[in-house]
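**Student:** First the structure, then my questions, so here it is.
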Amino acid sequence: MGLRRSHFDDFLAPDTSLPDWVEVISENFMDYGGKPQRVLEHLKKKNIPIISHGVGLSIGSLDSLETDYSKYLERFLSDYKCPWFSDHLCFSSTNTHQFHDLLPVLRTEESLAEIVTKITAIEKKFKTPFAFENISFYGESSLNTMDEVDFINKILDQTNSYLLFDINNIFVNYKNHGIDPQKYIDQLNTDKVIQIHLAGHWDRGDIIIDTHGDHVTDEVWELYKYFIKKMKREVSTLIEWDNDIPDYEVLLFETLKAKEVARSVL
Ligand SMILES: [Fe+2]
């Protein structure tokens, strides 16, 4: 379950039923103190694993990793002994300018080589296992020479990284760009999938927006079942809910549903 500010009091309440593990947006907790730190320390004491999920590492850019950001991240990973940490297959900075979006990388041989170099440097710098996540995107470059699934498989082959597989993102991309999600799953190297994201989206009619602001749709649950059938094992699954965040119990229920659905398939 994601650790969100509006649920801090629920996490701290003595009679709360806690999830198996939590994922935190690293940037919201890195230079921590006060209540966020109190909640993290509480979960640590309860032996609830804490997974760090960031948006600022920018694995698709050539920017240096020698930044204050990396120092904060390293400290966070070490303080909370995160079993793994993740960020997105995107770029969110260039020439040290930070954007507020996760922008899609080019899928070419040249870009592949640069990303493999960057991920290898990340693996060397941070001692914690690293996973990258497939993103939803709203534009496709005509310069791309590879399908996304081939590109991801190649990164997995050439690095020691893992994949955080976002099933809602491939559904959103399917609706917006016509990428067949079942074919994608059939072709994906699933051996290195360490975590799954599910989320709600908004179907505007002409385009689907990856809002993380609603329940997971039936179509995405069906795709999750399809994926678990292929995996033949349970995978740590998180419901991403970042806008119009519901009550703690509603989110916990949705999270437990993921576990039930996976077990029913297996
Ligand atoms: Fe995600």
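The values are calculated or read from the model by the stated rules, or taken from the named source; none is laboratory data. Model, not experiment: these values are computed from the prediction. Cβ placement follows ideal geometry from the backbone for every residue including glycine, while neighbour counts extend to all protein chains displayed. Each accessible area value is taken on the protein alone, full model and side chains, heavy atoms only, with ligands, DNA and RNA left out. Shrake-Rupley method; radii C 1.70, N 1.55, O 1.52, S 1.80 Å.
**Student:** Return yes or no: is residue 160 modelled with pLDDT of 95 or more, part of a loop (DSSP other than H, G, I, E, B), open to solvent by 20 Å² or more (accessible area, probe 1.4 Å) and away from the ligand (no atom under 14 Å from the Cβ)?
**Tutor:** For residue 160, the condition - modelled with pLDDT of 95 or more, part of a loop (DSSP other than H, G, I, E, B), open to solvent by 20 Å² or more (accessible area, probe 1.4 Å) and away from the ligand (no atom under 14 Å from the Cβ) - is met.
**Student:** Scan (1) assigned to a helix (DSSP H, G or I); (2) over 30 Å from residue 181 (Cα atoms); (3) at pLDDT 95 or above for the single condition residue 112 breaks and write down its number.
**Tutor:** Result: residue 112 passes all but (2).
**Student:** While we're here: Consider residue 224 against the criteria (1) within 15 Å of the ligand (Cβ to nearest atom); (2) closer than 12 Å to residue 167 by Cβ; (3) surrounded by fewer than 21 Cβ atoms within 10 Å (Cβ to Cβ): it satisfies all of them except one. Which criterion is unmet?
**Tutor:** Residue 224 satisfies all of (1) within 15 Å of the ligand (Cβ to nearest atom); (2) closer than 12 Å to residue 167 by Cβ; (3) surrounded by fewer than 21 Cβ atoms within 10 Å (Cβ to Cβ) except (3).
**Student:** Could you list, in sequence order, the residues of the stretch 189-204 that are within 12 Å of the ligand (Cβ to nearest atom) and either assigned to a strand (DSSP E or B) or under 14 Å from residue 232 (Cα atoms) (or both)?
**Tutor:** Hits for the stretch 189-204 are 195, 196, 197, 198, 199.
**Student:** Quick test of your reading of the structure: residue 149 fulfils all but one of (1) away from the ligand (no atom under 16 Å from the Cβ); (2) modelled with pLDDT of 95 or more; (3) not in a helix (DSSP H, G or I). Name the failing condition by number.
**Tutor:** (3)
**Student:** For the stretch 233-248, indicate whether the set of residues that are open to solvent by less than 80 Å² (accessible area, probe 1.4 Å), away from the ligand (no atom under 16 Å from the Cβ) and of a type in the set (A, V, I, L, M) is non-empty.
**Tutor:** Looking for residues that are open to solvent by less than 80 Å² (accessible area, probe 1.4 Å), away from the ligand (no atom under 16 Å from the Cβ) and of a type in the set (A, V, I, L, M), one finds none in the stretch 233-248, hence no.
**Student:** Inside the stretch 29-46, can you point out the residues that are under 18 Å from residue 84 (Cβ atoms) and open to solvent by 30 Å² or more (accessible area, probe 1.4 Å)?
**Tutor:** 44
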